[in-house]
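This report refers to the structure that appears directly beneath it.
The values are calculated or read from the model by the stated rules, or taken from the named source; none is laboratory data. This one's a predicted model, so the numbers in the text were calculated from it and none came from an experiment. Reconstructed Cβ throughout: ideal geometry from the backbone, glycine too, with neighbour counts over all protein chains shown. To get the accessible areas, we keep the full protein, side chains included, count just its heavy atoms, and leave off ligands, DNA and RNA. Shrake-Rupley method; radii C 1.70, N 1.55, O 1.52, S 1.80 Å.
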Amino acid sequence: MRTFYRDIRYATRNLRRSPAFTTTVVLTLALGVGATAAIFSCVYALLLQSLPFADAGRIVALSETHPQITGGIEATYPDYEDWKAQQHSFTQLAAYSALNPETVSLVADGHAQQVHRVLASGNFFSLLGIAPLIGRVIGEQDDKPEGDHVALLSASAWDRYFGRDPSIVGRSVNLNGTAFTIIGVLPVGAGYPSEGEVWLPLSLLDQETRVSRVWHSVRVLGRLRPGIGLPEARADMQAVSARLAVAYPATNRNFGVLLKPLREELVGTLRPAMLSLLGAVFLVLLIACANVASLLMVRATAQRREIAIRQALGAGRTQFFSQFLAQAVVLCLLGGALGIALAAAVLPLLRMALAHAASLDPSMIQSINLNIPVLLFALCTCMMTAILFSIFPLLNRSPRLTEALRAGERGSTGGRSRKRGALVAGEIAIAVVVLFLSTLVVRSFQKLLAVDPGFRTDHLLSAEITLPEPKYGDESPVTNHFYEQLLENIARSPGVSSAATTTIVPLRPSQVMTRFLVEGAPPTAPGIFPAAQIRYVSPGFFHTFGLALQSGRIFEQKDIEKGTQSFVVNAAFVRRYLAGRNPLGANILIGVLSPHPEKIPVIGVVSDAHDLGIESDAQPEIYLPGFGLHAALLVRTFADPASVESIVKNAVNALDPNQPIYHVQTVDALMSNSIARQRMTAMLLGIFSVVALALAAIGIYGVLSYSVAQRSREIGVRMAVGATRARILRLILSQAAQFTGIGLVAGVGLALVGARVIRGLLFDTGTTDPVSACIAIGLLVLAAAVAATIPAIRAASVNPNETLRSE
């Protein structure tokens, strides 16, 4: 140990004498380690860190699936009850619902706030294994129709609405006009789902929803039994689903069950993006390490005479390994420390990007920091790198003393140049992979930006409003009057062009769908019906939203006043369900699972809108005239839409002082947030590709510069016997072309394999996109040419007389 400490001091003194070399190595390592530590911090917090639930790895999210619906949807309450009774894979199943309505009006201290409400079964919190911060959680005794009205708060709601009042337990609050008693507060980050602010018993579901196999209203969680894995549970639940399809063919045919680990449910589409970023930054770290290894081999070659002399005096390879290890440890620790500082500076920006890129619980985002596992990861990376760097110089053949002292020794570098050339070829191959994959993602993002959403996003303000029962009723005259007056007052305000309402905020994923039949269409199999998105809209919606009328007419105020039942459909609906016939006057049958379906005519066709997200194709949609308790308010303005927010709030308060609005934002901001994940991924991969390109160019430059310096005598001799400057240029450039070509060929093969891994991140871009391949190869060839030209020009400028005289 004392010897190694002496080697550390010796290495430190040597590195001080070579500030350019030391600075280059430390900065290169800092760049690689810092970027890797920052991304690994995100991956650890989101994908590896323990969730705040007991044995969270055994908790599974269950949802229903249908061939016409992407992903999973809520289950019906009767299906949930049947799942509980028939399954054999879970110790318990629990349900929750955040629908109908998603929010409720909370009146506290005379102020009304719209809060996110979750209905939870009596065993919901026991399944999650959550203990309350204060008070108690909802239990089986609360989840009964005759049970008391109790409420459980999230930590953020306790802080935001009640100022962390320690005497909150037992206090009565008003939710949608009904008194509820607060029974407890959840710990920070322990609420599920993450957007929940107040939890109420699931028994508050209305009776119609509790008995209907049509209304999909509840999400389900299950805790796996010991010894049961996800595959066995999937098989068990698919068998249950198949039995229900046989027992209830009218409602359950073609419905399946989707099981996902709870973490996957929480992280969603962010998982593949984070893993891709981690893979890319790891490749950048490899390039940085290859650069440093090449520099250390160069430095070891420069010390050949010293090594030869020490060998002649009795030094062994173990002593040289200790010396090289000490040097590598000093460099890696310096680079690692600087890299950690760089990661700490970058993490706030990553947290900000993730806050917009995914609907994650704020506590998950705040947990992204340089914690112990991340620091241990960085330390292990540095130590492993140091050991590898210590081995590389020992790969050189040990020089004999006579060779090392020979004056011309400087030119005999063929084997060592090949080793460094192999390292640079490896750098280029890795750089091709990073460049190609990042170019694919960037081009995919560009194509996403070029998608026409089908409606105007500019000068459009969005807000949500939920009217409380029993003061208001769904489609009641009181509700209709409220919205009609509100839209009229807003439309008359200065700076406002028009105003309208619809069912859901644009660009927010929705599964508000209805089954139907087209009159006169061929009969379908029992229990199999076409389905379409369905929206209630005000008469001014199509003008405000920017949807063009293609045929027929759109809704008028008289359609709401007279209660006229009619449909407007979009072009996608016509293409899929009314192709080859005149859509105007076609009758659509809804309520097809009831004894008496209702026949409603189509009166108009409007253009398509990508209102479920611009990544999704325009879906068939049915529009109805009317208003509901919940509405997305859209306001088209002449100026900045954010400037009319106060106008909208005042208009609502003038009609109902206790009615809040929430989620107020411009549709441009909604559009930006809807593609925030893709933007973040493209931006970070773009940065990594620039770093990889720069490091590869530095590697080429370093190898050729050193080669030129070592071959100066050879070059001088060649020029003395007649070699032209052009021939010397070709000699050096051909050397660069060899390892560049090898790296490009190997890199393209690896890049094509990598592209298949990230295909889930791509939009309208193939994994063998030739443009992306040409861009990646072209940039690397250009960088290699620039990096090789400078040493080549220096070689061609050698004065043979001076070189030979110095030799």
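So here's what we get for this one:
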item: Matching residues in the stretch 178-199 - criterion: being of a type in the set (S, T, N, Q) and in contact (Cβ under 8 Å) with a residue 60 or more places away in the chain; result: Ser194
item: When residues of the stretch 197-216 are limited to those that are at pLDDT below 90 and under 31 Å from the mean Cα position of the chain (by Cα), the one nearest to Phe125 (Cα to Cα); result: His216
item: Top-ranked residue of the stretch 86-104 - restricted to ones that are open to solvent by less than 30 Å² (accessible area, probe 1.4 Å), of a type in the set (S, T, N, Q) and out of contact with any Leu (no Cβ under 6 Å at 6 or more places or on another chain), ranked as farthest from Glu140 (Cα to Cα); result: Thr103
item: Scan of the stretch 523-570 for residues that are basic (Lys, Arg) and either touching a helix residue (DSSP H, G or I) at 6+ places or on another chain (Cβ under 8 Å) or surrounded by 14 or more Cβ atoms within 10 Å (Cβ to Cβ) (or both), ordered by number; result: Arg535
item: Filtered residues of the stretch 602-612 (kept if farther than 26 Å from Thr251 by Cβ and either of a type in the set (A, V, I, L, M, F, W, C) or surrounded by fewer than 16 Cβ atoms within 10 Å (Cβ to Cβ) (or both)); result: Ile603, Val605, Val606, Ala609
item: Residue check, Ala682 farther than 24 Å from Asn570 by Cβ, in contact with a Phe, Trp or Tyr (Cβ under 8 Å, 6 or more places away or on another chain), in a helix (DSSP H, G or I) and among the aliphatic types (A, V, I, L, M); result: yes
item: Residue within the stretch 706-726 that is within 24 Å of Leu780 (Cα to Cα) and open to solvent by 20 Å² or more (accessible area, probe 1.4 Å) present; result: yes
item: Positions within the stretch 672-693 being crowded, with 18+ Cβ neighbours inside 10 Å and small (Gly, Ala, Ser), in sequence order; result: Ser674, Ala682, Ser689, Ala692
item: Breaking point among (1) touching a helix residue (DSSP H, G or I) at 6+ places or on another chain (Cβ under 7 Å); (2) surrounded by fewer than 22 Cβ atoms within 10 Å (Cβ to Cβ); (3) within 15 Å of Leu152 (Cα to Cα), for Gly122; result: (1)
item: Hey, Asp474 surrounded by fewer than 20 Cβ atoms within 10 Å (Cβ to Cβ), out of contact with any strand residue (DSSP E or B) (no Cβ under 7 Å at 6 or more places or on another chain) and under 30 Å from Thr767 (Cβ atoms) or not; result: no
item: Filter result for Leu62 (open to solvent by less than 70 Å² (accessible area, probe 1.4 Å), more than 25 Å from Ala357 (Cα to Cα), at pLDDT 90 or above and in a strand (DSSP E or B)); result: no
item: Residue check for Thr269: closer than 30 Å to Leu762 by Cα and open to solvent by 40 Å² or more (accessible area, probe 1.4 Å); result: yes
item: Leading residue by the ranking (least open to solvent (accessible area, probe 1.4 Å)) among those in the stretch 648-671 that are at pLDDT below 90 and assigned to a strand (DSSP E or B); result: Tyr662
item: Candidates Leu175, Leu230, Leu202 - the one that is within 25 Å of Leu593 (Cβ to Cβ), of a type in the set (A, V, I, L, M) and in contact (Cβ under 8 Å) with a residue 60 or more places away in the chain; result: Leu202
